[in-house]
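The next block holds one structure in the form of structure tokens; read it before the comments.
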Amino acid sequence: MKSLLYIVTIMLCLSSCFKKDDAIVLPLGTTEISSCFMGDNYEKQMYFDLSSNTFIEKQLVDWDISFESSDNGFGVFINTGYNIKVRKANIYNLNETLVRDTTYIKQQSELVDGSDGKISSSAIGDWRSYKINDGSGGYIYGIYFIELSYLTGTDRFRRLQIIGVSDSVYAIKITKLDEFNAPITLIHKNKMQNFTFYSFKNGGGVVDNVEPPKTMWDIEFTKYKTVIPNPPTTILYSVLGVFSNRNNVTVGIDSTSKFEDIDAKYISNYNFSTNKDAIGYEWKTFDRTSYVYTVNSNITFIIKDTDGDYYKMRFLDYYDKFRVKGNPKFEFIRIK
């Protein structure tokens, strides 16, 4: 009896030391089918972890802008799914008349983030070079006009100046159109997440738990804006698609091999992308005549997850059994 209790005690101690992937990782060759509901207006952000086959649900409207949280990160991004926009007019001083002129502000080009997640294609861009000398050896940083889709009138706009960043904190100034100055606000980087999120609601401030810890998810189902073909030109359009976790997740694409045939031997054939929209939205198409979405199940995504394991994944449907759209259904198998 004592020996049995001893064995049970040892097993309990060992189980408490297991890592996430040790405890729940899917066996090789096991097919899992999952689906999620994005809400009637795609208002949810669904973070999916492949190794546990689980979603973490968040709300798209919880944040307006985000700040890269890595030590060397300096990128600032906007929530295009919430229709946040940016304008830039090469203005640096808050006492200039034009920074309070909504007619002038609206005349400036609307800027939105590229869906690839790169700073070079973001609306804010590299703000570190958006500055002028102040005449005393320092700099005055340029003003960005942030347009908030959920507000009206002059309150719809905020002015943002990003004046510094370190490995742990951003220094910014945020003003309304009728304000001539503002104290410096410090945005402390949340190192548990890829980004630190900020909302202008309720006086403005950092919003916690918008994104799960970066080790707990691999792909995100969300609404965002991207450039899509609209012959003979292109248009900026809201889509529902999939973003990759920038924490070590990479994606390859195979549109020629059969899903059933792809295994570990295929991995070396692919060029893996770190772009946030490597999976994106093009696994489905929309018929403008029938207003029906069709999923292309011949596209296979090869995903290296945050644990370093490889999965193949393909989409099966975009509707639930009641034909309600915004219900992506997909299957995935760990292959290495």
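The Cβ shell under 10 Å around residue 146 holds other residues with a net charge of +3, Lys and Arg each +1, Asp and Glu each -1.
In order along the stretch 320-332, the phi-based Karplus estimate (6.51 cos²θ - 1.76 cosθ + 1.60, θ = phi - 60°) of 3J(HN,Hα) comes to 8, 5, 9, 6, 8, 6, x, 10, x, 10, 8, 10, 8 Hz; Gly and Pro are listed as x. Highest GNM mean-square fluctuation, the chain, Cα pairs closer than 10 Å: which of 212, 231, 183? Maximum among the listed residues: 231.
Label separation (residue 93 vs residue 267): 6.0 nm, computed from points 7 Å beyond Cα along the C-beta direction. Compute the separation of the alpha-carbon centres of the stretch 206-223 and the stretch 300-336 and state it in Å as a whole number. Computed from Cα coordinates, the inter-centre distance equals 18 Å. The longest stretch of the chain left intact once loop-based chymotrypsin sites (Phe, Trp or Tyr not before Pro) with at most 11 other Cβ atoms within 10 Å are removed from consideration, loops following DSSP, is 19-179.
Among 268, 122, 199, the largest mean-square fluctuation in a Gaussian network model of the chain (Cα springs under 10 Å) belongs to 268. Mean residue ellipticity at 222 nm, helices only, the chain: -2000 deg cm²/dmol; runs of at least 4 DSSP H residues each add -39,500 (n - 2.57), and the sum is divided by the number of residues. Residues in the stretch 208-213 carry Karplus couplings, in order, of 7, 6, 5, 10, x, x Hz; the curve used is 6.51 cos²θ - 1.76 cosθ + 1.60 with θ = phi - 60°, and Gly or Pro positions show x.
Within the accessible area of the chain, the carbon and sulfur atoms contribute 51%, probe 1.4 Å, all protein chains present.
Would you mind checking the tilt of helix 2-15 against the longest principal axis of the Cα atoms of the chain, expressed as 0 to 90 degrees and rounded to 10? For 2-15 against the chain, the angle is about 40 degrees.
Accessible surface for the chain, divided over its residues, is 50 Å² per residue with a 1.4 Å probe. For a label point 7 angstrom out from the Cα of residue 102 toward its Cβ, which stretches of the stretch 136-164 have the backbone nitrogen within less than 20 Å? Under 20 Å, as judged by backbone N against the label point of residue 102, lie 144-160 of the stretch 136-164. Checking (1) 61, 48, 41; (2) 75, 42, 39; (3) 78, 64, 38 against Cα extents along the principal axes in Å calculated from these atoms, the matching label is (3).
Among 51, 290, 129, the residue with the largest mean-square fluctuation in a Gaussian network model of the chain, with springs joining Cα atoms closer than 10 Å, is 290.
Need one word for the stretch 180-328: rounded, prolate or oblate. Basis is the Cα gyration tensor (sqrt eigenvalues a ≥ b ≥ c); a/c below 1.5 gives rounded, then a/b vs b/c decides. Oblate. Spin-label model, residue 150 to residue 72: label points 7 Å out along the Cα-to-beta-carbon direction sit 3.5 nm apart.
Coupling constants for the stretch 52-57 follow from the phi torsions by the Karplus curve (6.51 cos²θ - 1.76 cosθ + 1.60, θ = phi - 60°), and in residue order they are 10, 6, 9, 9, 10, 9 Hz; glycine and proline get x.
The values are calculated or read from the model by the stated rules, or taken from the named source; none is laboratory data. None of these values were measured; they are calculated from a predicted model. For neighbour counting, all protein chains shown are included, and Cβ atoms are generated from backbone atoms with ideal geometry for every residue, glycine included. All accessible areas refer to the heavy atoms of the entire protein, side chains included, with ligands and DNA or RNA removed. Shrake-Rupley method; radii C 1.70, N 1.55, O 1.52, S 1.80 Å.
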